[in-house]
Every structure is written in C-alpha cells, then in structure tokens.
Amino acid sequence: MKNFFKIFSFIILFSGLSLSTLAAEKVEYLKTDWSFKGLFGKFDRAALQRGYQVYTEVCSSCHSMKYLSYRNLAEKGGPEFSIEQAKAIAASFEVKDGPNSDGDMFTRPGRLSDKFVMPYDNVQAAQAANGGAYPPDMSVLVKARGGGVDYIYSLLQGYEDPPAGVTLDDGVYYNKYMYGNKIKMANQLSDGLVEYSDGTIASVEQMSKDVTTFLMWSAEPHLESRHQMGFKAIVYLIILTILVYFSMKRIWSRIETEV
Amino acid sequence: MSDHEYTPKSKFGKWFNDRLPLLTLANHLTDYPTPKNLNYWWTFGGILTFCLITQIVTGLVLAMHYIAHADMAFDSVEHIMRDVNYGWLIRYIHANGASMFFLAVYIHIFRSLFYGSYKAPREIIWIIGIIIYLLMMAAAFLGYVLPWGQMSFWGATVITNLFSAIPLVGEGIVTWLWGGYSVDNPTLTRFFTLHYLIPFLILGLVVLHIWALHVPGNNNPVGIDIKKPSKDTVPFHPYIVIKDGFALLMFMIVFAFFVFYTPNILGHADNYIEANPLVTPAHIVPEWYLLPFYAILRSVPDKLLGVVAMLSAILILAALPWLDTSKIRSAVFRPLYRQFYWILVADVLILGYVGAMPAEGLYLLVARVATAYYFLHFLVILPVLGWKEKTLPIPLSITEPILGGSPNLATAKNKESLNK
C-alpha cells in the first residue's frame, strides 16, 4: 500500500508540476474573483447578461463571434435570457439571407437559429478598417490566450501612456499586458460607457469583468454542466474505489501476502 | 500455455471449444498464474489497455462529427464542443486521454527499467512494447494536427520537415508526405486516415505483447524466475483483476479531474487559434510527452544529426536487453544500478523541461549535457555496470523474504537495510 501511495503522489506531483509550469505567467495579471472557477464554479447570470451588453455595444463593431448563435443566449448555463428576450435580440439584427426564388439576396430580421452577425464581410475588410490588424474572432478567445480570463481582464484595463523612450506609430497603443506592449486596439472602455439596466455602476473594472465573464462562457458554453458532472463523476469514482478497495482486501486475505 | 488441459462442462461448450478454443483461452486468461508479489507499478499494463480502448471509443464518436478539411476542421471541432450532445465531454476525454495514456506508458516503461523486465526471456515483449510506443507517438502527433489550430499546423510543418534532413531524397519525401508544397488539405486528410489506422495497429500489437507475456509469465519485483503455478503465484482472476481494477479507479479519478476541471491545461493556447500559414507562433512546442525527444533533437547543431540523435534515443531502447549485461533483473539487488536508474529518471525529466524552453543560452547547454548523459547511460554505464557491480544476494523464492520475517524486499524502500 505504501508503494501505491508513492505512485499516486507521483501522479499528483506530475499534475501539480504541469499545472504550475504550463500555467506559469511571466506577467502578473490583475486578479479578480471569478464565479466560474472552482469545483462548483458557475457563471454569474447577471454578469453574463451585462457582458453581452458590453459586447454588443462596444466590441461587436469590430470583433465577430462566429461560433455563437442567438439561441445560445437563452440556453441553460449561459446568460439565460428568456426565449422572448433572445428572439427580440435576434430580431434587432439585420441578417443577409438568400438567394430567394428570384435569385436575389435579401436581408431580414435575425432569428434564434442565426449565427451572430459578423461586423465585416471578410478578413480583408476587417483589416482594411483597422489599420491592417485583424480584430480576432472572440468566440474562443479566452482559451486562445495563455493567461486566459486574467489576461483579457487585465488587457482591457492595461492601457497606459508609453514609458519614456518608447515611440508608437499612428494607430498603435501602449498596453502593459499585451505581448510586446504594442496593441492596435485603442482603449475602448471608459467609466459610464454603457448604461446597465440592472443599475450596476458601469466602471471600467466592472465592464471588463462582465465582458470577460461573457467571453469565458462563449469559449466554454458547457462549463457549468462540466463542473456539475465532474463533481458527481469524481464522488462516484471515489465511492466505487473505496468499495473495490475493501473487496480487494477481502479477496487477498486468502493469501498470506500484503496487497 | 496453460499447463493443464481444459474441458468445458457443457456439451455445447465442448462442441464449440473443439472447433474454436475460445473457452480454453478464457480459462487460460482467468487461471493465468501471476506472481503474488506484484506491486502497484505492475497495474499500469491494465491501465494502458483501458487508455487504448478509451481513445478508440471516444475517437470513433469524434470521427462521426469531425470534418477533415482545412477549411472546416477547426469549425467542426467547435461544433463538437458546442452543439454535439456531450461532444465537449467526448473531446476532452480524448484530448486528455492522450496525455494520460503517455503518463501511464512512461510509468510502465520505467517500471520495466527498474525491475529489468526487458531481460531474457522477455526481449520480444519489450521490443513489441517499443514498437507500440513509437506508434503511440505517431498517433499522438497525427491527432494533434487534426483540430487544425496554429500549433497543429506549425507542429506538422516542423515535424514533417525533419524528413528533409535525409540527404538527396529528403525534399522529395517531404513533398510526398505533404501531398503538395506545404502542409495543406491533402496533408490533413492523410493524417486523419493514418490517425484512424494506427490505434488498430496498436491494438493488434497489444495482443501480441500480452501473448508474448503469457509465454514466460510476468516478471516480479524480486526479479527471479518462479515456478508456475506454485505458492508464489495467484490466479489472474480474481486476485490481479481486482487489484488492477482498484488501481485503474484511482487512475480514473486523476483522469476525471483533468477532464472536468482543467481540460485545457495540458494543451497549448495557440491551438485555439485557427491555423494560419502566414503567421508563425512565437514558440512552437510539441505536447509535453514528446518534449524530451524534442530537446534531444534541438541539442544537436546539425539538422540531420539531430534527427538521427532523436531517433536513436528511442531505438536504443530496443537494444536494451543486450546493452544491459547484468544477469540480475531487479534493481532491488543492484545498489549501483538503482542510483543510476534515478539519475536517468531525473535526466529525462530535465530533458522534458528544457524541451519546453527556448533553445538558447543555459537551456541549450543543459539540453546538451542531458542528451550526452542519456546516451552515456545506455551505451557505457549499463554494459560496464553489468560486469563491475557487486550485487546483493537474491532470495530463492519470492515467499522467502516474506516468510523470513524481513520486510518484502520489493516494497522495502529502506536503502540502509538493503545495502548491508
């Protein structure tokens, strides 16, 4: 049994090492309490709804979210707008459809089944409008950046005047959390930029947190059921392991050796 | 294989078994005499079988939804993650399953190194195992390309480019592998085909691996030959089955933790960016389980020699039964080898660490020293040790140390008591 614990602690050690080295961050990011971290982590529903508002009113003019559909907004584990609200949100967008029976393309109000409307027709159009930089699609952005949510949260609040000696080209901004510190996105958030309907004060910090929460959900829409299922699965496995352990002891007691 | 003749009880069973002796096989597998002193390091064979089956089953389901096309692969993976029922679960099990598979195989290999399981008469088991390991690396690499993220694309570019180091025909081989002049759609479709094929090759080799094992029977922590069946052995069922089952469950708890709580920690963030041939990632790194070999590759300044060194580092293992000249199997009775064994473990871990770091400065120096030591261990230390080492007296049977009142040597970790 001693041997067994050695193996098990080795595996834990390995996991721990991999977690610490792979998650090693060179920059100290701003910290905040994320409701979705931890064994029972869940999204803060109100933060998701506010985050969606920040996305639509601020980010969506440049950043697409091509993997999201309007129906997702009403799905369980997400912002959980009511179906009516989600329908109304979808209908507020003009969606290009067609060709119709005359062979023409036409626009119509969005439906739940539509993907989020893209701000630009193609990558080239997006680059042309943004000084050559392509605003990345934000659907899985949180998972596509080393620092994850902490990185995005910090980046949004990381705009500063460049230190002496650093010269910036036109359309380039200084951000202390950006890789290389130069970013082509100007500072987007300012206090009171959006007006939250639930009365929350729209500080830069608050909006950063809300929109980052929204991005976490868009990258991991099944995070809540993953956590719930994970807890059940692990509890189940632990109970089964204990039962099997005692059966094993019982069976091996017929032999005069230790197991 | 089985010493006694087996006759099924029922008339139909007898009729069937005379024509296809499946029942004899089943009887052999349940009765298979196993050394009773096997410790938990021996449970990883069963765990690895579980890993293989898990990868095949989850892989089959993923293949039903995945689209092997350069324009659609990334989208189809996101489709699996979002819209396929429990697609996220299947994919996270498959992706983390690869890591768990390698974790288990490294423990399995290092167990073999510690207890000398590769020595006569088990050389064929060992060599089949090395082939399985090579195929596992191929399958893992091919599979990592399929989501068509940045690391997929650039990893594929770097690894396939290794073949260009071959003199004269290298460039031609690379073009042939790619099916074009760069990693593109034809590369992706063939990688998918091969990724689907290899697990079944592995499955076939696993059958041979187990078959070859059942001829001489298991090695054991004491490393001596034992009479089978005897009081030193227990039937595989129920004793080993329940013990393997218990260890497997513990393994699954760790596995589940990764899948449910940190499913992306072992992957690289860049692989959530769709492949872009025009943008090269800052650091191209393979998955953690290939890092030691990546470090060896990069530690040699010449491209061709680097590839040769990397391949030799794996193939040298196949020669291990003949490089290790010691007649004693278990490191328990080899005080010097035991120390070199742990140095080798540390060496491989160091190689893995520097493999993840940029190849420059101190990291490069450490990688070179560690690479040199790796080969030194197998080519010089092991052969010499076999002649020079003063080994400890070995017990005549595995029950002796137990019945003698002394601690079970296999599990005793107290070096002082062993060195006396």
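Quick note: the coordinates plus some simple rules give every number you see, no bench work behind them. Keep in mind it's a predicted model, so treat the numbers as computed, not measured. Don't worry about glycine lacking a Cβ; one is built from the backbone with ideal geometry, like all the others, and counts go over all protein chains shown.
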From the phi angles alone, apply the Karplus equation (6.51, -1.76, 1.60; θ = phi - 60°) to region B:387-397 and give each ³J(HN,Hα) in whole Hz, x where the residue is Gly or Pro. 8, 8, 5, 9, 8, 7, x, 9, x, 7, 9
The simple spin-label model distance between B:E5 and B:L194, using points 7 Å out along Cα→Cβ, in nm, is 5.0
Degrees between helix B:303-315 axis and first principal axis of chain B (Cα, 0 to 90, nearest 10): 30
Enumerate the calculated ³J(HN,Hα) couplings along region B:72-88 in order (Karplus 6.51 cos²θ - 1.76 cosθ + 1.60, θ = phi - 60°), each rounded to whole Hz, writing x wherever the residue is Gly or Pro. 10, 4, 4, 4, 5, 5, 5, 4, 4, 5, 9, 10, 6, 4, 6, x, 4
Relative contact order for region B:38-284: what percent, with Cα pairs under 8 Å and sequence separation of 6 or more? 31
Inter-site label distance for A:A46 and A:M229 at 7 Å from Cα along Cβ, in nm: 3.1
Shape call for the protein assembly as shown from the C-alpha gyration tensor, a ≥ b ≥ c root eigenvalues: rounded (a/c under 1.5), prolate (a/b greater than b/c) or oblate? prolate
Find how much the distance from B:L379 to B:I343 grows on full extension, using 0.36 nm per residue of separation minus their present alpha carbon separation; answer in nm with one decimal. 11.5 nm
Could I get the Rg over Rh figure for region B:38-284? Both from C-alpha atoms, Rh via Kirkwood, rounded to two places. 1.03
In chain A, whole DSSP H helices that both stretch 27 Å or further along their axis by alpha carbon positions and average at least 0.5 on the Kyte-Doolittle scale are A:2-22, A:223-252
Would chain B count as rounded, prolate or oblate if I go by the C-alpha gyration tensor, calling it rounded below 1.5 in a/c and otherwise prolate when a/b exceeds b/c, oblate otherwise? oblate
With each label point set 7 Å from Cα along the Cα-Cβ vector, what nm distance links A:F246 and B:L134? 4.9
Bin by bin, in steps of 5 Å, what percent of the Cα pairs in chain A do you find, going until the bin that has the longest distance? 1, 5, 9, 13, 14, 13, 11, 9, 7, 5, 4, 3, 2, 2, 1, 0, 0, 0
Within a Gaussian network of chain A (alpha carbon springs, distance under 10 Å), most fluctuating of A:L30, A:L189, A:L243: A:L243
C-alpha long axis of helix B:44-65 to longest principal axis of chain B, angle in °: 30
For region A:185-193, 3J(HN,Hα) per residue [Karplus equation, 6.51 cos²θ - 1.76 cosθ + 1.60, θ = phi - 60°, Hz, x = Gly/Pro]: 8, 6, 4, 9, 9, 9, 3, x, 4
Would you work out the relative contact order for chain B, in percent, from Cα pairs under 8 angstrom that are 6 or more residues apart? 22
Once Lys and Arg get +1 and Asp and Glu get -1 on their Cβ, which of B:F163, B:P235, B:A212 lies farthest toward the positive end of the dipole of region B:38-284? B:P235
Can you compute the FRET efficiency between A:R108 and B:I166 using 1/(1 + (r/R0)^6), with r the Cβ-Cβ distance and R0 = 60 Å? Round to the nearest 0.05. 0.55
Would you mind checking the tilt of helix B:335-356 against the longest principal axis of the Cα atoms of chain B, expressed as 0 to 90 degrees and rounded to 10? 10
Under 5 Å, built H, 5+ apart or other chain: amide partners of B:T34: B:V234, B:F236
Counting Lys and Arg as +1 and Asp and Glu as -1, each charge on the Cβ, what is the dipole of region A:162-243 about the Cα centre in debye, to the nearest 20? 420
Around A:F106, under 13 Å between beta carbons, what's the net of Lys plus Arg minus Asp minus Glu among the other residues? -2
A student applying the Cα gyration tensor rule (rounded when a/c is under 1.5; otherwise prolate if a/b is larger than b/c, oblate if not) would label region B:202-329 oblate
